[in-house]
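As structure tokens, the structure follows; a few thoughts come after it.
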Amino acid sequence: MQLWQIREYELSNNDADVRKDKVRAILVSFSMSLATNAINSLLKYSIEKLSRMERHKAATYQTSTQIIKTVVSQTINTLVIYYILN
């Protein structure tokens, strides 16, 4: 093998490594979004169920506490998932 052929072979191997890294990054990003959405949906469902069990005096109070709990829990969930995976 000539020197230029060796360098060309090394470059093609590096390109394959770069492609693998890009695919891996895309898969991690996709899995983060799926996990975040799945857990957020579960949180929303469970918060709705728990809000009904609290027996608020008015529907307005129930809705306001439900919104606050949903926003806080989904924000914490998103932060934790992105922190863990990065």
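Pairs linking a residue in region 65-86 that is over 14 Å from Ile39 (Cβ atoms) and free of Cβ contacts under 8 Å to residues at least 24 places away in the same chain to a residue that is among the small types (Gly, Ala, Ser) and surrounded by 12 or more Cβ atoms within 10 Å (Cβ to Cβ), with Cβ atoms under 8 Å and 6 or more positions apart or on different chains, are Thr65/Ser51; Gln66/Ser51; Lys69/Ser51.
Screening the candidates Ile39, Ile26 for the property of being under 16 Å from the mean Cα position of the chain (by Cα), surrounded by fewer than 11 Cβ atoms within 10 Å (Cβ to Cβ) and either assigned to a helix (DSSP H, G or I) or modelled with pLDDT of 85 or more (or both) yields one hit, Ile26. So, Thr63, is that one modelled with pLDDT of 85 or more, surrounded by 10 or more Cβ atoms within 10 Å (Cβ to Cβ) and more than 22 Å from the chain's Cα centre (by Cα) or not? Judged against the criteria, Thr63 is a match. Annotation note: Cβ proximity below 6 Å between a residue of region 24-49 that is within 18 Å of Ile68 (Cα to Cα) and a residue that is among the small types (Gly, Ala, Ser) and surrounded by 11 or more Cβ atoms within 10 Å (Cβ to Cβ) (sequence gap 6+ or interchain) occurs for Leu43/Ser73. Of all residues in region 43-86, those being closer than 21 Å to Val28 by Cα and in a helix (DSSP H, G or I) number 12.
The values are calculated or read from the model by the stated rules, or taken from the named source; none is laboratory data. All values reported here derive from a predicted model rather than from experimental measurement. A quick note on method: Cβ atoms are made from the backbone with ideal geometry, for glycine too, and the neighbour counts reach across all protein chains shown.
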